[in-house]
């Protein structure tokens with residue numbers, strides 16, 4: 001499935017790089033960086049790395065979340081069993097969104113409902129990649 005961008009449409013991969021250039025140049029000329037890193041080439045390299053890393057991380061996470069939200073790329077629950085007497089079978093077919101802290105997050109395919117379950121309740125979870 002080859003998706004082509006429309007003419008003049010910028011790829012979502014480029015904005016972090018484009019945004020980091022002016023920020024890096026600006027920051028590399030600030031006194032605090034000049035005092036700490038005297039060599040100009042090393043200073044611009046370090047400052048560019050420090051500005052590019054969070055921007056690229058945000059951009060990639062944003063792309064991934066949009067793909068999951070639009071059902072283009074996600075993992076779905078194919079089997080789940082609870083430790084306790086709880087019944088988690090209703091989550092079969094839901095999208096697996098991930099975990100955070102001691103919670104595991106799921107969503108319906110139409111994104112109308114998000115469910116979280118304490119991870120200590122889940123005995124095992126089987127997921128599969130879709131698309």
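What follows is calculated from the coordinates using simple rules that are stated; it is not laboratory data. This structure is a prediction, so every number in the text was calculated from the model and none was measured. When we count neighbours, we look across all protein chains shown, and the Cβ atoms used for this are built from the backbone with ideal geometry, even at glycine.
Quick rundown of the values:
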| quantity | calculated |
| --- | --- |
| Computed label-point distance, nm, for sites residue 81 and residue 129 using a 7 Å Cα→Cβ extension | 2.6 |
| Rough spin-label spacing in nm, given labels placed 7 Å along Cα→Cβ, for residue 105 and residue 56 | 2.4 |
| Relative compactness, the range 14-69, computed as alpha-carbon Rg over 2.2 N^0.38 Å | 1.36 |
| The chain - mean residue ellipticity at 222 nm from DSSP helices (-39,500 (n - 2.57) per run, n ≥ 4, rounded to 500) | -13000 deg cm²/dmol |
| Two-site label geometry, residue 66 and residue 36: point separation in nm, points 7 Å out along Cα→Cβ | 3.2 |
| Cα-only radius of gyration and Dmax that characterise the range 78-131, units Å | 10.7, 33 |
| Correct option for semi-axes √(5λ) of the Cα gyration tensor in Å [calculated from the coordinates] among (1) 42, 21, 10; (2) 27, 16, 14; (3) 35, 18, 12 | (1) |
